[in-house]
Ligand code: CP
């Protein structure tokens, strides 16, 4: 029985296999429509979500399975003080696989240590978001056709941005990848990501506050939201929230084949005027998340 807590748990071969399955699902959806017949996915969301929860649910329905769960902590017995460990043990009696989002870093790992069914980390605090990275990887594969030799700009909240931490972990395993880390001073990438991932993998990176200065060299621009819910102090959030707003003018010096990504939700950080730019990939990226979650469910349930 296998869970997915951190993207690094998947080998490059397994990532390729998940991408191949997702591409096959896109081409042949009918072939997969009963693969999970009789199986149940439990979505345990202790934090708000639109894409991750609903794409997991859509994924299971499109595989012919069923879904149960809750979308807020207040409607579960955690509101009465039940632990994550006990919750995981209980849900193992009712479902075949769990997708869990939790504001506390490490909560899905605790769940996986106590469940008797696979647990997927659907985002834990400011730590990791491996299935968002699966969506990101399929988007990069479909748009750029490769993972090697790409310069990736990550912009916004690099400190608490779990999608950024997981994407760096995944892309640092490919040859010739370079990161441009664009953020305000207060939201720079945590030092553990630099030492444990970037330095360990010998990855080239630069840190800057200047989005426009970095723009011409980027193959991928990954924008992120300044996350109000991760700040302890409203004053700091208000000061930093509009640090970066991508608009058509800022894209004037960008490559013609730039891929503009964002895990969504966005607030102000990408102007809606950018949505019609053919380089905007963020809505397609969210759709790709459904296909990759379908592939992941099949893999973790051991269904060919
Ligand atoms: N990208 C992402 O995790 O979106 P949600 O918070 O809507 O699930």
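None of the figures in this text is laboratory data; all of them are computed from the coordinates on show. In this text, all values refer to a predicted model and were calculated from it rather than measured experimentally. Cβ atoms come from the backbone with ideal geometry, glycine included; neighbour counts cover every protein chain shown.
Taking the DSSP beta bridges with both ends in the chain, the antiparallel portion is around 5 percent.
In terms of its Cα atoms, the range 250-300 spans 43, 24, 14 Å along the principal axes, sorted from long to short.
Using 16 Å as the cut-off for backbone N distance, which residues of the range 184-220 belong to the label zone defined by a point 7 Å from the Cα of residue 175 along Cα→Cβ? Within reach of a label on residue 175: 202-204. Computed over the chain, the Cα gyration tensor eigenvalues convert (square root of 5λ each) into semi-axes of 31, 23, 18 Å, ordered from largest to smallest.
From helices alone, the chain scores -10000 deg cm²/dmol at 222 nm; the rule is -39500 (n - 2.57) for each run of n ≥ 4 DSSP H residues, then divide by the residue total.
Dividing the convex hull volume of the alpha carbon atoms of the range 130-286 by its residue count gives 104 Å³ per residue.
Helix 130-144 and the long axis of the chain differ in direction by around 50°, with both axes built from C-alpha atoms.
Here the relative contact order of the range 130-286, from alpha carbon pairs under 8 Å that lie six or more residues apart, stands at 25 percent. Beta bridges from DSSP with both residues in the range 123-270: antiparallel share about 5 percent, rounded to the nearest 5.
When DSSP beta bridges are restricted to pairs lying wholly in the range 1-152, around 5% turn out antiparallel.
Against the chain, whose longest principal axis is taken from its Cα atoms, helix 51-62 shows a tilt of about 50°. Between the helical axis of 12-27 and the longest alpha-carbon principal axis of the chain there is an angle of about 80 degrees. For the chain, the relative contact order works out to 20 percent when only alpha carbon pairs closer than 8 Å and six or more residues apart are counted. Going 7 Å from the Cα of residue 250 along its beta-carbon direction, which residues of the range 175-209 have the amide nitrogen within less than 13 Å of the resulting point? Only 182-184, 209 fall inside the zone, counting backbone N under 13 Å. With a simple spin-label model that places each label point 7 Å from the Cα along the Cα-to-Cβ direction, the separation between residue 268 and residue 90 comes to 4.2 nm.
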